1. Relative to the first principal axis of the alpha-carbon coordinates of the chain, what is the inclination of helix 74-89, with its axis defined by its Cα atoms, in degrees from 0 to 90 and to the nearest 10?
2. Can you tell me the alpha carbon radius of gyration of the chain divided by the globular rule-of-thumb value 2.2 N^0.38 Å?
3. Can you bin every Cα-Cα distance in segment 5-46 into 10 Å intervals starting at zero and give me the percent of pairs per bin, rounded to whole numbers?
4. For each of 37, 59, count neighbouring Cβ atoms within 10 Å of the residue's Cβ, then give the residues from fewest to most.
5. What angle do you read, to the nearest 10 degrees and between 0 and 90, between the alpha-carbon axis of helix 6-25 and the longest principal axis of the chain?
6. Report, in whole Å, the centroid distance computed from the Cα atoms of segment 25-46 and segment 68-119.
7. List the relative contact order of segment 6-117 as a percent without decimals, with contacts defined as Cα pairs under 8 Å and 6+ residues apart.
8. To test your reading of the geometry: what angle, between 0 and 90 degrees and rounded to tens, separates the Cα axis of helix 58-69 from the longest principal axis of the chain?
């Protein structure tokens, strides 16, 4: 298994963000919404590895880190998680507008998070 590094999580974040864009363009709103959330999660993992030397375990840990590092984005990250859960686990359909909002927020957060680790 390849060693985990902040750069590997940053790379995965960018890959998932690209996949979310492709999914949205193909009308796969649920997949786009989910990939957008997981792209942010990987960016948080990258920053956590860089700052703390570890990867947070679970959503609550990531939410706490967002609260510590980016308090202005906590409620949006929480909202993104709720959309992701609906997209992945419930019979709700995610509208194109909601998937687009999820993708736009993911781009904004990822830019902010990865700028700290130097991409």
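Values quoted throughout were computed directly from the atomic coordinates according to the rules given, and no laboratory measurement underlies them. Please read all numbers here as calculations on a predicted model, not as lab measurements. When we count neighbours, we look across all protein chains shown, and the Cβ atoms used for this are built from the backbone with ideal geometry, even at glycine.
1. 50 degrees
2. Numbers: Rg = 13.6 Å, N = 119, 2.2 N^0.38 = 13.5 Å.
Relative to the 2.2 N^0.38 Å estimate, the chain comes out at 1.01.
3. Result, from short to long distances: 39, 45, 15, 1 percent.
4. 59, 37
5. Its long axis makes an angle of about 10 degrees.
6. So the separation of the two Cα centres works out to 8 Å.
7. 38 percent
8. With rounding to tens, the tilt is 70 degrees.
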